[in-house]
């Protein structure tokens, strides 16, 4: 149902058959300033995207092609990479060589230290030089660099919720840096679209588990950004959990308060920190977020509590892992890179229930 | 995040605290040609709608007011009624007296025969005269009357899926009129937002049941429209079921084939019948709809099968009960009444997963 | 936690790594007259079953072995086959040759006509002679033959619910045999434990679809038993659906009433038909079953309605697809074959919520 | 289906219409040494329990009566109280006066300090004398006192999972007592059977939230038991969450390691601590629990991790909130009080999937 492309930014989605690819299309096809001119999928080259995503039937007649950087370069000016890590590395490099702007939704350009990448991802980074030019695409922290960037490392889903919950505390030195615990709970779409026993419906439904305790690859990403904010190296505990729902990440964050405070003051500080942010909603004291309220939207909802009994700050954040945690944030980054209104294409209310 | 109102149609949502009210707001707040200028809720008068629907926080700062027809008439030109039946009757009457266009999402003006209304709803209809002027708002069948109507009786959720699945069969006299069975399965949002033991989470989750067998009030509504199409009175079996999911209605429809046919010919006939319809997607032979593919969108997906073994036509339709089954269709009707593009505000892809 | 084996029947479960295998173990390990002495799994030979089914940790220390008929014959007297069809055929044959009693949960010995088997399962039946001796293990219809049988063809999940809902109608010639429609809705465990995109959590959750319309292999099985009851060949429509829940099948069954009747009389007839059945619960007039009420139990709940408007009988049945629809019924058959109390090991209440 | 009562302990369930009452019946009706001779419900006096819990149809024909202590005393020797707090207080007192053994599933006798009870429950405790005689019914910590007790305060669901995860750490002084965070996630049955908007299906499904942060009443209960083990007052952070599933609590527990250790040593210590416990399963290093594996069983599964990066111990526990978190543990306590085998009636495998 999308109109013609005159005057619109031409974009491509590379790796369009997974959930983040599908979500990019949902958002971009309704974006007033964008046209999607190419989509790729190695496995499904030649097939209409609507055969992979029947909800897109009659919404778009885009057909998947195999990834060919120079072919893409002819059709598009900005490319979203929704590829697995390692694979994305080279794709970003090729596209950048051809002068294209790139928003990479994989982890490949998120860790600025290639040694850290090698340690956690067990692959040597092939493009350390390009890595130097990548900008970590969390607008609430790096808006100015994003505006000027040509390669965005779009944040991971867990890091987005964790960092947004911690940033005001860290920036204001409100908590003991050695005391941070991030306990996150995610819907299953975060695990991708490839079938596996662990994500087979009867194994997940009515189930709940923690996984990759102490070893999840999003840990160094959270620590990198928190350390930057703190001005010193921060090590923290991060535990992801799998919850029987499609979308959403709730992160419950704990830290020992560095001084006396109460919920009201903590709340005021969060409000101040995020006062100009279009996609962060700091809830009133006494209210806490629910992932259902951000489903389908680019919002991050935040609730805060200063526990006088334990001397601990508790912050809860909720995002839609496929929107603010992936494709929505990618579009927000694109808007910034292109000088569009930051909320363009992202203004629609979420879907409840 | 909605812009200003100049040049936009001013609309009001009366009864905005239920799921169809919330869904109307989700759609209308993103509609380019509409402004929502008033919303009402008796229980929540004075409260911002975002306190009832936190997903609307920072999306709108509309505040509920008590329903007062003349106050509404000053603010809006077209009113959506998302009230319970019986209550809606008088509200529609008052608003029409004040010259407003009305789209009534309740059942009050759907049955053209007031005796039938009294029999199934156990209330005498108070405004039979107005009933005469109401148009049943299923655009696929009544588009021309809708364009000229001032009062639309927006179809029920089950009837929308049932009628769209049956219409091509009936119109083409393909099935024996005495043989029709409609077996429908609905998500729980169809039951409304009032808590009740039957819809308490642990009672519904991992449960599945039929209810109101042979007695559901949507039965005469389906029969009215099918009889109109058939040119004779049709009586059919309709069984609703409650499924542990939020949204969606899948209707599986059976009828004895009146003559020889096969799936290909049946499919061709459906394609022909719906060839100009923006919101009906007839799936290729061999494919059948899934409610997940229409979630959040105004589409009705249809799959057909001619069973040579049993001589029976089987048609399956899928809608989102809150969109094509309620609020989306209401907006589609508004578009027609106002001469807007019929798909305006309804073009966005649905949400999957 | 199970005691020693003296005086207990020695049983083996062949194919223990799937859901029906796991459910057999849940039931058998708590059966007072049975010991499980061997379990097999080709893929998991050498592994403790608790590594495949962690809910069995500390409940049993059984270890999977590869299937070897003569090894099994030394350890067990009765074998449950929870293998895929085709594979089960030869296993049953080998075990019977060794004199073992066999309860086959696959489809291989259900259709008494090998030509029908070949048509629907696209494999020639290799043991038509043995097929002649197999008994269809629906105790409500074939209790006496089951008691004397050495090879039981345990019914399919859908057929169990469908046949139990139809039998009293057919036996009493209450409905027109050409008018039968069976609309069934199943939880996802019925699709087995092998991961596939169609059963990946985010694809199923908040989804609902019909599948294999007119072509599901359980159709001839239902027709075989209904034809036997009717004394003539019956062809019927059967449509399975996939519902986002783990367990349960609800079948809604329609047929034109052959004569005048009402719900009270219909109910009385069902009560009479099932009056001695320990696992069939005919609900009072006006009540209808919910799969949540049979979860984990061997019950089949039935509700009936005679619709005077349409002249149609509507019957709804609910079973747990893994219990009465598979493993519980298999144990019920074992009890009958061994002369145990038919309800032994199956008396525990189901689990709600 | 339950046999006669000779030689069996006569028990009553007071407050049988809620989920813990229903679960007590599920377990007790299958307990070889117990007969249920009376059940009460104020709202449903005179009604068969199967009309409230249709899964119990044909399993029991028990009828609810109004609560009358002396009537109960004539019929039963041991009473389970499944009443709300405050209400349970007096009921326990009356029944004890009549010489009955009582297992109270409410919170009324859990906090040994009546001032603490008054602070958290906002009611003055009316029976401080009786409170002195109550034993906190966590067998893993208080088995000997339970054997001799006449009044058991059955632990709360969250405390059961939290305390069992912390006990070995505390007893062995492995963690810094000021550093404890318990992040718990519960299914919805924990919220009881009374309908409320917060537990209405479409509000919960596809939702996830924290609630009562820093203020949940189970906090002092956890602290009481941990303080006892520590030999000093411990204050800790406890955050409950609501997860879209029926049953299960997963608790993720964090504490700073007091000295050097690794996962292997931590695991060995947990194994040693629980080596004689029939209902605690310490998983091998590298494995973590999932609530699906304890569904319907009395097990508590525990996984441990010593995080060398952060110097933090992470322990994850999983229970079924209605079994080990309520009714199963109540039966375990009854077994101990009566000198039965502790596992009697609780040996059956859980239900998966």
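The values are calculated or read from the model by the stated rules, or taken from the named source; none is laboratory data. Note that this is a predicted model, so its numbers are computed, not measured. For neighbour counting, all protein chains shown are included, and Cβ atoms are generated from backbone atoms with ideal geometry for every residue, glycine included.
Numerical summary
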quantity: Checking residue C:67 against (1) within 14 Å of chain D (Cβ to nearest Cβ); (2) touching a strand residue (DSSP E or B) at 6+ places or on another chain (Cβ under 8 Å), the condition it does not meet; calculated: (1)
quantity: Test: residue in segment B:275-288 that is buried (at least 23 other Cβ atoms within 10 Å of the Cβ), out of contact with any helix residue (DSSP H, G or I) (no Cβ under 7 Å at 6 or more places or on another chain), modelled with pLDDT of 95 or more and closer than 30 Å to residue B:197 by Cα; calculated: no
quantity: Count of segment B:226-244 residues which are within 18 Å of the chain's Cα centre (by Cα) and within 30 Å of residue C:245 (Cα to Cα); calculated: 5
quantity: Out of B:115, B:150, sole residue that is over 17 Å from the mean Cα position of the chain (by Cα), farther than 19 Å from residue B:231 by Cα and free of Cβ contacts under 8 Å to residues at least 24 places away in the same chain; calculated: B:115
quantity: Residue check, residue D:46 within 14 Å of another protein chain (Cβ to nearest Cβ) and under 30 Å from residue C:275 (Cα atoms); calculated: no
quantity: Subset of segment C:69-95 (residues that are surrounded by fewer than 18 Cβ atoms within 10 Å (Cβ to Cβ) and part of a loop (DSSP other than H, G, I, E, B)); calculated: C:77, C:84, C:85, C:86
quantity: When residues of segment B:181-214 are limited to those that are assigned to a loop (DSSP other than H, G, I, E, B) and within 9 Å of chain C (Cβ to nearest Cβ), the one farthest from residue D:202 (Cα to Cα); calculated: B:214
quantity: Number of the condition not met by residue B:223 [criteria: (1) free of Cβ contacts under 8 Å to residues at least 24 places away in the same chain; (2) surrounded by 17 or more Cβ atoms within 10 Å (Cβ to Cβ); (3) more than 16 Å from the chain's Cα centre (by Cα)]; calculated: (3)
quantity: Criterion: surrounded by 24 or more Cβ atoms within 10 Å (Cβ to Cβ) and either touching a residue at least 12 places away in the same chain (Cβ under 8 Å) or in contact with a helix residue (DSSP H, G or I) (Cβ under 8 Å, 6 or more places away or on another chain) (or both) - qualifying residue of C:311, C:339, C:328, C:264; calculated: C:328
quantity: Check on residue B:252, over 21 Å from the mean Cα position of the chain (by Cα), within 14 Å of chain C (Cβ to nearest Cβ) and surrounded by 20 or more Cβ atoms within 10 Å (Cβ to Cβ); calculated: no
quantity: Yes/no for residue C:230 being more than 25 Å from residue B:249 (Cα to Cα), out of contact with any helix residue (DSSP H, G or I) (no Cβ under 9 Å at 6 or more places or on another chain) and more than 10 Å from chain B (Cβ to nearest Cβ); calculated: no
quantity: Number of the exception - residue C:305 against (1) modelled with pLDDT under 95; (2) within 14 Å of chain B (Cβ to nearest Cβ); calculated: (1)
quantity: Condition check for residue B:60: out of contact with any strand residue (DSSP E or B) (no Cβ under 8 Å at 6 or more places or on another chain) and within 14 Å of chain A (Cβ to nearest Cβ); calculated: no
